[in-house]
C-alpha cells in the first residue's frame, strides 16, 4: 500500500522533465482522496498509474496538450480509467503529450516540450512522451498512453521502457479523445513487461459504451516461460534496411541470437508493401483527424478565442488560434485529401494500400510465423528541434510502427540495449487478439536480453 | 504537384480554420511536400477489386432499446464557454457563403 505523499513526491521530483501537466497541489489533494476510496482487494491496489492527457478523467483536467481545451474538465471518465480505479489503482495525474496525440517527439504540446529523462537535449519520443518519460524516470511504475501510429511504442523505445499497443478492439476507447478512429487504441507503459501487461489486462475487455470494442473477456496473462521452444519468429526484411542505424542493427542481432538460444525458430519473411506504410498513414490519419477535430469550434467546450462578430468567425478564430501548427497542418492535409477532386488520388488509394499492407501480415502469419520481430524505431532518440521544420523527417520515425496500427495488430516495444547511453527498442508484432503469445515471448526475452548494455 | 497559396486558403475555409498571412508560405510549402510524398501511392495501380480493410468487430452489436441515464458528473454549464437557460450561446449566424 503506497501512501499519497510518497506517490506525489516521486512525481513532483521529476518536475524538470515537464512530463506531468497536473499541478502538484491538485495531484496531492486528489491522491489523498483516491487512496481513501481505493478498493483494497483490487489487483492493482495502491499502484499509481499516470494517464495521458487525451484520456478523460474526473479527477483532473483533460486538455490533449492543446490550447483549445485549456482548463477543460470532462463530465465523464474513460472506461479504462474507471477499470483502473475499480482495480484499486491510483490515477497519478495527467501526462504531457503532442497536441491531440499528433507528433513523434512531444514537442508539439501547447504546454511545452517533454525532456528525455537521460538527456535533456533530446526528445522522449511521442506522442505519449510524458507517460514514457515518467515511467523511465521511476516516477510511476506504469502509465496509460494512446496509439494512432506508434505513440506508445516509439516513446517506449526512446526512453527504455516497455510499451504495449493492444489489438484494435481489445481496450474500450470510451473517453479516449478521438484522433484517427480506425487506428486509435489506448496502450500502456511499464517498467517491466509484467507491469505493463497487468495494467493492460485490467483495462481490456468488453464495454457496451464502445461499439468498436470487441465482445471479449479481459486479457489473461501468460506465465513466464522457461524457453521460446515452439515459437516461430519472423524477421521482415523490409524492417532491416541497409541504412538502419548500426547500433540498432547490432542490438536487434543480439536479441535475435538470444531468441534462437532460447529455442525459437527464426526465419526471414517479406512484407512487401512496407515502404508505402508511412504515406498511407499520413493520408488516412489526417483525413480522420480533420473529421474528428471538427467538433472543436468554441461553442460547446474549451475557451473561445475572440474577434467573433458572427458564428463563422467564431469557429475560424477559435480553431485558428486554439490549434497549434502540427494540428492545423494535419487538419488541412486531411481536408485536402477528402475534398472533391483529390479523394480518389489520395484517400481511396491509401485505403487500397492499407488493405495490401494488412494482406502482407496475413500472408506472413499464414506461413506459420507466430510473431514478428523488428526494431521499434530506426534510430535512438533524436535532438529536440532536429525534425521540427521538416514534417516528413518527423513522420519517418514512425516507419516501423504505423504498420501495426494500419493492420489493427497488437505490438509492443521492449528495451534491447543502448547506443552511447541512449535506449534502443525491439518490437514484437503479434496476431490479432493473441497478445498473450506476444507477452509470453517478451517475458522470455526480457529475462535475458542485456537491456541496458551498449549494443 | 504543388499546393498554391490560394489552394491553402480555400482548404482552410473548408476546414473552418483561420490561417494568418505570415504562416501561409510555410504552410503551402509543407503541405506541398506532404502531398508530394503521399503521391507515391499512385505508383500502385488503381485496383477496384481490393477490398477496403475495416478494423474492429465484423458486425455491429445491437443494444437493448432502453433509455439509460447519461451518467455525466455535471452539465454543460460547467464546461461550455457560454451557456444560458439550457442553451449554448453563440454570436449571430452572419453570412454563410
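Computed from the coordinates by the stated procedures, all read-outs in this text should not be read as laboratory data. This structure is a prediction, so every number in the text was calculated from the model and none was measured. FYI the Cβ positions are ideal-geometry reconstructions off the backbone, even for glycines, and counts take in every protein chain you see.
Our note on the geometry: Cα centres of segment A:148-221 and segment A:302-324, 34 Å apart.
Across peptide A:344-357, the mean count of Cβ atoms from other chains lying within 10 Å of each residue's own Cβ comes to 5. What fraction of the DSSP beta bridges in chain A is antiparallel, stated in percent and rounded to the nearest 5? So the antiparallel bridges amount to about 65 percent of the total. Between residue A:383 and residue A:181, the distance separating the two model label sites (each 7 Å from Cα on the Cα→Cβ line) works out to 4.2 nm. Peptide packing: for A:14-20, A:155-161, the average count of neighbouring Cβ atoms within 10 Å per residue gives the ranking A:155-161, A:14-20, highest mean first.
Order these by the 10 Å Cβ neighbour count, fewest first: A:231, B:79.
Values: A:231 20, B:79 17.
Listed from fewest to most nearby Cβ atoms, that is B:79, A:231.
Where the centroid of each part is defined by its Cα atoms, how far is segment B:1-71 from segment A:412-445 in Å? Distance between centres, Cα-based: 32 Å. How would segment A:241-341 be classified by its alpha-carbon gyration tensor: rounded, prolate or oblate, with rounded meaning a/c under 1.5 and the a/b versus b/c comparison settling the rest? Note, shape of segment A:241-341 comes out prolate.
Ranked for footprinting exposure by Cβ neighbours inside 10 Å, fewest first, B:2, A:181 give B:2, A:181.
Rounded, prolate or oblate, given the Cα gyration tensor of segment A:156-302, with a/c below 1.5 counting as rounded?
Numbers: a/c = 2.27, a/b = 1.44, b/c = 1.58.
In terms of gyration-tensor shape, oblate.
Taken residue by residue and averaged, Cβ atoms of other chains lying within 10 Å of the Cβ of B:78-85 number 4. Label separation (residue A:420 vs residue A:32): 4.7 nm, computed from points 7 Å beyond Cα along the C-beta direction.
Assuming R0 = 35 Å, what is the FRET efficiency of residue A:436 and residue A:16, from their Cβ-Cβ distance, to the nearest 0.05? Intermediate values should be presented prior to the final figure.
Working: r = 38 Å, r/R0 = 1.09.
So, using R0 = 35 Å, E works out to roughly 0.35.
Using C-alpha pairs below 8 Å separated by at least 6 residues, the relative contact order for chain A is 18 percent. Given axes a ≥ b ≥ c from the Cα gyration tensor, I'd like to know whether segment A:342-454 is rounded (a/c under 1.5), prolate (a/b larger than b/c) or oblate. It is oblate, given that a/c is not under 1.5 and a/b is not larger than b/c.
Using a 10 Å cut-off around each Cβ, can you sort A:97, A:252 from fewest to most neighbouring Cβ atoms? The partial results should precede the final answer.
Working: A:97 35, A:252 25.
Result, fewest neighbours first: A:252, A:97.
If R0 equals 41 Å, the separation of the Cβ atoms of residue A:43 and residue A:392 corresponds to a calculated FRET efficiency of about 0.40.
Here the spin labels are modelled as points 7 Å beyond Cα on the Cα-Cβ line, and at residue A:453 and residue B:10 they lie 6.1 nm apart.
Counting, for every residue in B:54-64, the Cβ atoms of other protein chains within 10 Å of its Cβ and taking the mean gives 5.
Let's test the formula: R0 of 45 Å, r as the Cβ-Cβ distance of residue A:229 and residue B:24. What FRET efficiency results, to the nearest 0.05? Let's see the in-between values first.
On the way: r = 61 Å, r/R0 = 1.36.
With a Förster radius of 45 Å, E is 0.15.
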